[in-house]
Amino acid sequence: MKIAVAKEARDGESRVAMVPELVAKLTGLGYDVAVEPGAGLHALIADEEYAAAGAVLDDAAFDGADLVVSVQPLAAERIRGLARGTTTISFLPVNQEPETVVELRDAGVTAHAVELIPRISRAQSMDALSSQALVSGYRCAIVAAGMLRRFLPLNMTAAGTVQAAEVVVLGAGVAGLQAIATAKRLGAVVRAYDVRAAAAEEIRSMGAKAIDLQLETLEGAGGYAREMTEDRAARQRDLLTPYIAAADALITTAAVPGRTAPMLVTREMVEQMKPGSVVVDLAAETGGNVEGSVAGEVVRIGNAQVWGGRNVPSQMPGPASKLYAQNVVNLVTLMTTRDDEGHALFAPDYADEILSGSCVTQDGRIVHEPTREQIEGPAQPGPEPEPQPEPEPEPETSAPPDEQLDLPYDQEADQ
Ligand SMILES: NC(=O)c1ccc[n+]([C@@H]2O[C@H](COP(=O)([O-])OP(=O)(O)OC[C@H]3O[C@@H](n4cnc5c(N)ncnc54)[C@H](O)[C@@H]3O)[C@@H](O)[C@H]2O)c1
């Protein structure tokens with residue numbers, strides 16, 4: 001059984017899906033690991049480190065691979081080169097890249113999208129959205145600190161006192177809380193707002209002040225935010241304006257799953273900020289929380305420099321790759337069972353909601369129903385099925401569940 005690690009090909013992608021220190025986890029499960037030469041280059045990982053960890057460096061790593069792991073989805077020509085039945089694990093934004101889904105379907109690939117892994121506690125160690133949001137949140141705070149031309153902490157010196165910088169964070173999910181924690185550690189006075197009811201307590205637990213706008217909270221399914229009406233959005237913007245005007249740095253991290261990012265801050269609100277102020281919009285790539293922000297660029301709005309995030313985890317490729325690789329190892333472990341002789345087998349059990357939930361294409365079909373419907377249209381009512389005779393019960397051949405491999409839950413990956 002062979003796992004191939006892809007060399008990322010997309011512009012600006014510096015991460016790699018496997019790191020040398022975790023190769024042993026895969027070889028320990030019984031897999032051969034083949035890495036495309038140069039795969040770790042942008043994450044500052046040399047080919048020799050993979051080789052020393054037990055991987056094979058091979059330009060033809062995909063040949064004969066049962067599983068291909070990557071960060072970004074594979075390019076169309078690479079998908080077409082895969083043997084039918086190959087499994088892939090990667091980010092796969094199904095709404096933005098229907099053409100990639102079609103390629104995967106037509107190539108008979110079993111494609112797993114890490115962003116579709118259900119966010120249940122058993123799947124936390126595989127949750128790449130969370131692990132990468134953690135990196136993004138930290139990075140946002142550091143970018144804001146670097147762009148500000150002032151101290152973040154209060155400085156009381158013999159020459160006098162310099163006040164602490166004021167940082168406002170909008171959106172206090174995984175990324176926002178990490179931005180809050182980082183800005184706090186740097187000594188800033190931090191205020192934060194989120195539409196979810198539970199967020200206020202989480203903000204306070206980071207040592208920041210929770211902004212209370214006296215608006216109804218918006219809890220959606222699974223503890224995520226729900227989309228708000230335009231009226232609610234306008235009231236929120238009005239009430240947030242004085243907080244933003246008083247801030248030296250504004251960091252926005254708000255998202256609503258499956259939708260473009262909510263526009264929380266208008267150009268007029270930014271124009272009220274002080275000279276030297278900075279805005280960091282983590283959501284710039286998905287529509288932007290700040291009107292006028294541009295992904296991958298710094299633009300000037302009024303007195304503020306507005307930084308638009310673009311593939312932010314990739315800006316810290318070492319830790320981002322390590323955390324992503326840990327997510328991948330945990331997912332591969334879940335896909336691995338033992339045969340009767342105790343040998344590890346790559347045999348994903350699609351009765352498991354983590355595997356069925358994250359699987360987009362399989363056996364030449366799109367099996368993720370919302371994506372299938374988006375690409376292929378509503379399901380056609382088929383002919384009434386012929387009544388089938390009851391099947392004979394099959395003798396048990398697979399290992400009982402308690403002989404399946406234990407999932408390593410890596411606490412470190414979630415911190
Ligand atoms: N496996 C799990 O159980 C699991 C995994 C990840 C996250 N979570 C939880 O889910 C929640 C959200 O996680 P996330 O970071 O992935 O969320 P996300 O990336 O979808 O959104 C980021 C934040 O933006 C907030 N937001 C959305 N619209 C807003 C608006 N108009 N104004 C202000 N804030 C707005 C959301 O409430 C969220 O906190 C958190 O409580 C997190 O702890 C659970």
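The values are calculated or read from the model by the stated rules, or taken from the named source; none is laboratory data. Computed from a predicted structure; not experimentally measured. Positions of Cβ are backbone-derived with ideal geometry, glycine not excepted, and every protein chain shown enters the neighbour counts.
Here is how the numbers come out for the structure above:
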{"quantity": "Residue selected from the range 228-261 under the condition farther than 23 Å from Gly302 by Cα, near the ligand (Cβ under 8 Å from one of its atoms) and not small (Gly, Ala, Ser), by the criterion surrounded by the most Cβ atoms within 10 Å (Cβ to Cβ)", "calculated": "Val256"}
{"quantity": "Long-range neighbours under 7 Å by Cβ, at least six apart or interchain, first residue in a loop (DSSP other than H, G, I, E, B) within the range 209-229, second among the hydroxyl-bearing types (Ser, Thr, Tyr) and near the ligand (Cβ under 8 Å from one of its atoms)", "calculated": "Ile211/Tyr193; Leu213/Tyr193"}
{"quantity": "Filter pass, Val169 being surrounded by 23 or more Cβ atoms within 10 Å (Cβ to Cβ), touching a strand residue (DSSP E or B) at 6+ places or on another chain (Cβ under 8 Å) and within 16 Å of Ala133 (Cα to Cα)", "calculated": "yes"}
{"quantity": "Boolean, Val298 is touching a Gly at 6+ places or on another chain (Cβ under 7 Å), surrounded by fewer than 17 Cβ atoms within 10 Å (Cβ to Cβ) and more than 30 Å from Leu355 (Cβ to Cβ)", "calculated": "no"}
{"quantity": "Evaluation of Ala183 against (1) at pLDDT 95 or above; (2) within 13 Å of the ligand (Cβ to nearest atom) (one fails), failing number", "calculated": "(2)"}
{"quantity": "Count of residues meeting criterion [within 15 Å of the ligand (Cβ to nearest atom) and farther than 16 Å from Gly309 by Cα] in the range 138-173", "calculated": "3"}
{"quantity": "The range 186-197 - residue that is in a loop (DSSP other than H, G, I, E, B) and more than 10 Å from the ligand (Cβ to nearest atom) and, of those, farthest from Ala283 (Cα to Cα)", "calculated": "Gly187"}
{"quantity": "Helices (runs of 4 or more DSSP H) within the range 260-367 that include 1 or more residues more than 21 Å from Ser90 (Cα to Cα)", "calculated": "267-271"}
{"quantity": "Unmet requirement for Thr337, which otherwise passes all of (1) over 21 Å from the mean Cα position of the chain (by Cα); (2) surrounded by fewer than 17 Cβ atoms within 10 Å (Cβ to Cβ)", "calculated": "(2)"}
{"quantity": "Some residue of the range 90-110 being in the same structural domain as Gly64 (by TED's automatic domain parsing), within 16 Å of Leu334 (Cα to Cα) and in contact with a Leu (Cβ under 6 Å, 6 or more places away or on another chain)", "calculated": "no"}
{"quantity": "Residue check, Leu148 surrounded by fewer than 24 Cβ atoms within 10 Å (Cβ to Cβ) and either touching a helix residue (DSSP H, G or I) at 6+ places or on another chain (Cβ under 7 Å) or over 23 Å from Pro242 (Cβ atoms) (or both)", "calculated": "no"}
{"quantity": "Residue in the range 154-162 that is modelled with pLDDT under 95 and touching a Ser or Thr at 6+ places or on another chain (Cβ under 9 Å) present", "calculated": "no"}
{"quantity": "Scan of the range 104-132 for residues that are surrounded by fewer than 20 Cβ atoms within 10 Å (Cβ to Cβ), within 9 Å of the ligand (Cβ to nearest atom), touching a residue at least 60 places away in the same chain (Cβ under 8 Å) and not in a loop (DSSP other than H, G, I, E, B), ordered by number", "calculated": "Arg122, Gln124"}
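For every residue, the table says whether it meets (1) within 27 Å of Pro118 (Cβ to Cβ); (2) part of a helix (DSSP H, G or I); (3) at pLDDT below 95; (4) over 24 Å from the mean Cα position of the chain (by Cα).
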residue: Phe151; (1), (2), (3), (4): no, no, no, yes
residue: Gly176; (1), (2), (3), (4): yes, yes, no, no
residue: Arg204; (1), (2), (3), (4): no, yes, no, yes
residue: Leu240; (1), (2), (3), (4): no, yes, no, yes
residue: Ala245; (1), (2), (3), (4): no, yes, no, yes
residue: Leu250; (1), (2), (3), (4): no, no, no, no
residue: Ala255; (1), (2), (3), (4): yes, no, yes, no
